[in-house]
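Take a look at the structure set out below.
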Amino acid sequence: MKRMLFLAPLLMLAHPAHAAKGGKLDAMLDKADTDQDGRITRAEFLAARRAMFDRLDRNHDGVVSKDDFGRLRRFRPKAAHQIDSFIAAVDADHDGVASRAELDAAPATAFDLMDKNHDGAIDQAERAAAAARRAAK
């Protein structure tokens with residue numbers, strides 16, 4: 001179950017169409033702010049995205065695939081769908097897996113959407129605005 005807590009924010013990081021619920025995204029952003037200055041820089045955001053990828057690569061083969069979530073896929077079909085959506089969003093070469101290289105090459109669209117003033121960091125005001133947009137949907 002703990003692994004699932006990381007999945008929704010990773011989906012958001014991979015593709016904004018899979019936006020996480022506010023609490024999970026906020027928790028991920030809090031954790032990404034490694035220097036605790038209240039701002040998440042692009043570097044912090046990308047580092048958090050890479051760390052989540054490592055946690056999801058449960059068999060440590062360098063890719064996130066259906067093989068990483070065998071039991072989960074059988075007992076949690078909604079989670080299986082989210083995993084499939086993540087893989088599809090990141091899988092640039094369409095081989096059915098999401099590699100670290102593909103994730104690293106994927107645009108940080110979610111970051112760019114939240115960084116409204118384009119200063120390379122998401123501040124508290126931008127986080128609040130993003131939360132308000134999520135709540136309005």
Residue match in region 77-89 (condition: surrounded by 15 or more Cβ atoms within 10 Å (Cβ to Cβ), under 25 Å from G38 (Cβ atoms), within 13 Å of the chain's Cα centre (by Cα) and among the aromatic types (F, W, Y)): no
Meets criteria (modelled with pLDDT of 80 or more, under 30 Å from N117 (Cα atoms), outside any loop (DSSP other than H, G, I, E, B) and touching a helix residue (DSSP H, G or I) at 6+ places or on another chain (Cβ under 6 Å)) for R55: no
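A quick yes/no check of all residues on (1) in contact with a Gly (Cβ under 8 Å, 6 or more places away or on another chain); (2) farther than 30 Å from A132 by Cβ; (3) in a helix (DSSP H, G or I):
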{"site": "K31", "(1), (2), (3)": "no, no, yes"}
{"site": "T34", "(1), (2), (3)": "no, no, no"}
{"site": "D61", "(1), (2), (3)": "no, yes, no"}
{"site": "F69", "(1), (2), (3)": "no, yes, yes"}
{"site": "K78", "(1), (2), (3)": "no, no, yes"}
{"site": "I87", "(1), (2), (3)": "yes, yes, yes"}
{"site": "D93", "(1), (2), (3)": "no, yes, no"}
{"site": "G96", "(1), (2), (3)": "no, yes, no"}
Filter result (part of a helix (DSSP H, G or I), touching a residue at least 60 places away in the same chain (Cβ under 8 Å) and out of contact with any Pro (no Cβ under 8 Å at 6 or more places or on another chain)) within region 98-113: L103, F111
Subset of region 114-137 (residues that are in contact (Cβ under 8 Å) with a residue 24 or more places away in the chain, more than 19 Å from K31 (Cα to Cα) and either touching a strand residue (DSSP E or B) at 6+ places or on another chain (Cβ under 9 Å) or surrounded by 12 or more Cβ atoms within 10 Å (Cβ to Cβ) (or both)): R134
Failed criterion for G38 (all others in (1) touching a residue at least 12 places away in the same chain (Cβ under 8 Å); (2) assigned to a helix (DSSP H, G or I) hold): (2)
Filter result for M4 (more than 16 Å from A110 (Cβ to Cβ), modelled with pLDDT under 90 and surrounded by 14 or more Cβ atoms within 10 Å (Cβ to Cβ)): yes
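Conditions tested, residue by residue: (1) surrounded by fewer than 20 Cβ atoms within 10 Å (Cβ to Cβ); (2) modelled with pLDDT under 90; (3) in contact with an Asp or Glu (Cβ under 8 Å, 6 or more places away or on another chain); (4) under 20 Å from S99 (Cα atoms).
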{"site": "G23", "(1), (2), (3), (4)": "yes, yes, no, no"}
{"site": "T41", "(1), (2), (3), (4)": "yes, no, no, no"}
{"site": "A48", "(1), (2), (3), (4)": "no, no, no, yes"}
{"site": "V64", "(1), (2), (3), (4)": "no, no, yes, yes"}
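The values are calculated or read from the model by the stated rules, or taken from the named source; none is laboratory data. Keep in mind that this is a model prediction, so the values were computed, not measured. A quick note on method: Cβ atoms are made from the backbone with ideal geometry, for glycine too, and the neighbour counts reach across all protein chains shown.
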